[in-house]
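Q: This is the structure, below, for whatever I ask next.
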Amino acid sequence: MSLRIISGSLRGKKLHTVRGMKVRPTADRLRESIFNIIASRIHKAVVLDLFAGTGAFGIEAISRGAESAVFIDNSREALSVMARNIEACAFSSRTKIIKWDIARNLNCIKSFTPAFNLVFIDPPYNQNIINPSLLNLFKSGSLATGASVVLEHAAAEPLQVELGAFEMDDQRKYGKTLVSFLRYVV
């Protein structure tokens, strides 16, 4: 699969991908649709990219004017490819990569400053880790009030925002994929 930056300062730049099926990068067209929807929230954003894979979401956000990004993933291969992509884009000074099991907790970013105001969550589909990931994000205390959370998940996978900390702003279906746009309201 070919992966590239859609817009911004690095428009058209190709990104490295992880071989095999272990990491499922978001297709360029879907990523473009997502970024068109959240365009007004990107400038100067402090981004958190969970289940970051190739790093395409966070890198795209910086290309479009985000201030910085933290990338978290648990796959050794993904972390290696992500580091190569960040280096190739010359974004090393504006990024941080963390190897962590997001489904267990997010203590690695507990009370992170500055607080994140734009979060991308793109977990493996149909593994029941969406809701634990949202709970761990809430418990981390690392979100700014009003932060936008973009969650990509299988349409068949239920999203239960029971925390009262997140409100659904929008939800779009793209084939078998749902993209849920949440807002942190605490």
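Q: Could you tell me what percent of the DSSP beta bridges with both partners in the chain are antiparallel, to the nearest 5?
A: Here the share of antiparallel DSSP bridges comes out near 45 percent.
Q: Once you have the Cα-Cα distance between Arg11 and Lys173, take 0.36 nm times their residue separation minus that, and quote the gain in nm to one decimal.
A: My answer for the length gained is 55.8 nm.
Q: Now, a different point. Which percent, nearest 5, of DSSP beta bridges in the stretch 68-155 are antiparallel?
A: 0 percent
Q: Note down the Stokes-Einstein diffusion coefficient of the stretch 44-186 in µm²/s, whole number, using a Kirkwood radius over alpha carbon pairs, 20 °C, and 1.002 mPa s.
A: Rounded, D is 142 µm²/s.
Q: If packing is taken as the mean number of other Cβ atoms within 10 Å per residue, what is the order of 56-64, 44-52, highest first?
A: Most protected by this proxy first, the peptides run 56-64, 44-52.
Q: Of all GluC sites (Glu not before Pro) in the stretch 73-166, which ones are in loop regions per DSSP and have a Cβ with at most 16 other Cβ atoms within 10 Å?
A: Here the sparse-neighbourhood loop sites are Glu162.
Q: Let me ask something additional. Under the rule of at least 5 residues apart or a separate chain, name every residue whose amide H is placed under 5 Å from the amide H of Trp100.
A: Amide H neighbours of Trp100, under 5 Å, 5+ apart: Asp73, Asn74.
Q: Work out from phi, with θ = phi - 60° and the Karplus expression 6.51 cos²θ - 1.76 cosθ + 1.60, the ³J(HN,Hα) of each residue of the stretch 81-89, listed in order in whole Hz, and give x for Gly and Pro.
A: Those phi angles translate into 5, 4, 4, 4, 5, 5, 5, 5, 8 Hz.
Q: Among the trypsin sites (Lys or Arg not before Pro) within the stretch 85-186, which fall in a DSSP loop and have no more than 12 other Cβ atoms within 10 Å of their own Cβ?
A: Arg104, Lys110, Lys176
Q: May I pose another question? Enumerate the calculated ³J(HN,Hα) couplings along the stretch 132-143 in order (Karplus 6.51 cos²θ - 1.76 cosθ + 1.60, θ = phi - 60°), each rounded to whole Hz, writing x wherever the residue is Gly or Pro.
A: Karplus values, whole Hz, x for Gly and Pro: x, 5, 5, 4, 5, 5, 4, 5, 5, x, 9, 9.
Q: Taking amide H atoms as placed 1.01 Å from N in the peptide plane, list the residues 5 or more away in sequence, or in a different chain, whose amide H sits under 5 Å from that of Phe120.
A: Those qualifying (amide H under 5 Å, at least 5 residues apart or on another chain) are Leu48, Asp49, Leu50, Val150.
Q: Which of these, Ala69, Ala90, Ala115, has the largest mean-square fluctuation under a Gaussian network model of the chain (Cα springs below 10 Å)?
A: For the chain, modelled as a Gaussian network with Cα springs under 10 Å, the answer is Ala90.
Q: Also, I was wondering about something else. What part of the accessible area of the stretch 49-186, given as a whole %, is carbon or sulfur when the probe is 1.4 angstrom?
A: Answer for the stretch 49-186: carbon and sulfur cover 48 percent of the accessible area.
Q: Next question. What are the ³J(HN,Hα) couplings of the stretch 168-182, residue after residue, when phi is run through the Karplus curve with 6.51, -1.76, 1.60 and θ = phi - 60°? Round to Hz, x for glycine and proline.
A: For the stretch 168-182, the Karplus-derived couplings read 7, 8, 6, 8, 10, 10, 10, x, 8, 10, 10, 10, 9, 10, 10 Hz, x marking Gly and Pro.
Q: Something else about it: Between the stretch 29-82 and the stretch 114-186, how many Å separate their Cα centres?
A: Their Cα centres are 14 Å away from one another.
Q: Sticking with this structure for a sec: For Ser111 paired with Ser33, estimate the spin-label separation in nm (one decimal), with each label point 7 Å from Cα along the Cα-to-Cβ line.
A: Taking the simple label geometry, Ser111 and Ser33 are separated by 4.1 nm.
The values are calculated or read from the model by the stated rules, or taken from the named source; none is laboratory data. None of these values were measured; they are calculated from a predicted model. We place every Cβ from the backbone using ideal geometry, glycine too, and count neighbours over all the protein chains shown. Side chains are part of the model used for accessible areas, which takes the heavy atoms of the whole protein and leaves out ligands, DNA and RNA. Shrake-Rupley method; radii C 1.70, N 1.55, O 1.52, S 1.80 Å.
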